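Visitor: I'd like to ask some things about the structure below.
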Amino acid sequence: MESKLTKPLQPGQLIARGVARYLRSLGYVSLEEFAPTRGLRVDIMVLGPKGELWIIECKSSRADFNSDNKWKNYLEWSDRFFWAVNEDFPTKILPAENGLIIADAYDAHILRNAPLHPVATARRKSLIHKFATKAANRLHNFRDSEFTI
């Protein structure tokens, strides 16, 4: 069976990697392909050193952005919402009310900070627990791939 780690990364995954590397250098941790609730799957969920929750959607092309109709449903699940794109992306098509990150496969920088819309306390607690559980399960599955749930 071919490992997920040996497959070439897709353009959006390369952007996500650069974003994750950048945020890690700032003390933030992230999970890719995270489901804050049933029916939603975000590209990157970020947990900050003070419990901040960010969602970052990675877009590799205009067509990728135009085909995404779910992103507005993500707003209530994070304190800040960002788009992450490469330097060739036509950024003028992205909503100006969201944050903007320019990234490549190795690094990123925040071009426009996202406005703060704090998540309710009970939801924050639930999301942080889900984030920690998902991260621990992924680590376990990585270390013991013969025993996955």
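We did not get these values from a lab; they are worked out from the coordinates using the rules stated. Since this is a predicted model, take the numbers as computed values, not measurements. Glycine gets a Cβ as well: all are built from the backbone with ideal geometry, and neighbour counts include every protein chain shown.
Visitor: Could you calculate the contour length gain from R138 to Q10, that is, 0.36 nm times the residue separation minus the distance between their Cα atoms, to one decimal place in nm?
Guide: Numbers: separation 128, 0.36 × 128 = 46.08 nm, distance 2.02 nm.
Fully extending the segment from R138 to Q10 adds 44.1 nm.
Visitor: Assuming 1.567 mPa s and 4 °C, estimate D for region 26-79 with Stokes-Einstein, Rh taken as the Kirkwood radius over Cα pairs, in µm²/s. Show your work: numbers first, answer last.
Guide: Working: Rh = 11.8 Å.
After rounding, the answer is 110 µm²/s.
Visitor: Something else: Can you list the chymotrypsin sites (Phe, Trp or Tyr not before Pro) in region 67-146 that are in a DSSP coil and have 13 or fewer other beta carbons within 10 angstrom?
Guide: Numbers: sites: W71, Y74, W77, F81, F82, W83, Y106, F131, F142; in loops: Y106.
Sparse-neighbourhood loop chymotrypsin sites (Phe, Trp or Tyr not before Pro): Y106.
Visitor: Using only the alpha carbons, work out the radius of gyration and Dmax of region 47-119 in angstrom.
Guide: Cα only, region 47-119: 12.1, 35 Å (Rg, Dmax).
Visitor: Follow-up question, since we're still on this one. Would you mind pulling out the separation of the Cα centroids of region 36-86 and region 5-35, in Å?
Guide: Spelled out, the Cα-based centre of one part sits 12 Å from the other.
Visitor: To the nearest 20 debye, what charge dipole does region 8-143 have about its Cα centre, counting +1 at the Cβ of each Lys and Arg and -1 at the Cβ of each Asp and Glu? Could you put the intermediate results ahead of the total?
Guide: On the way: 20 positive and 14 negative charges, 124 e Å.
Result for region 8-143 is approximately 600 debye, rounded to the nearest 20.
Visitor: Can you give me the Rg/Rh ratio for region 28-149, using Cα atoms for both radii and the Kirkwood formula for Rh? Display every interim value, and only then the final one.
Guide: On the way: Rg = 15.0 Å, Rh = 15.3 Å.
Using Cα coordinates only, the ratio equals 0.98.
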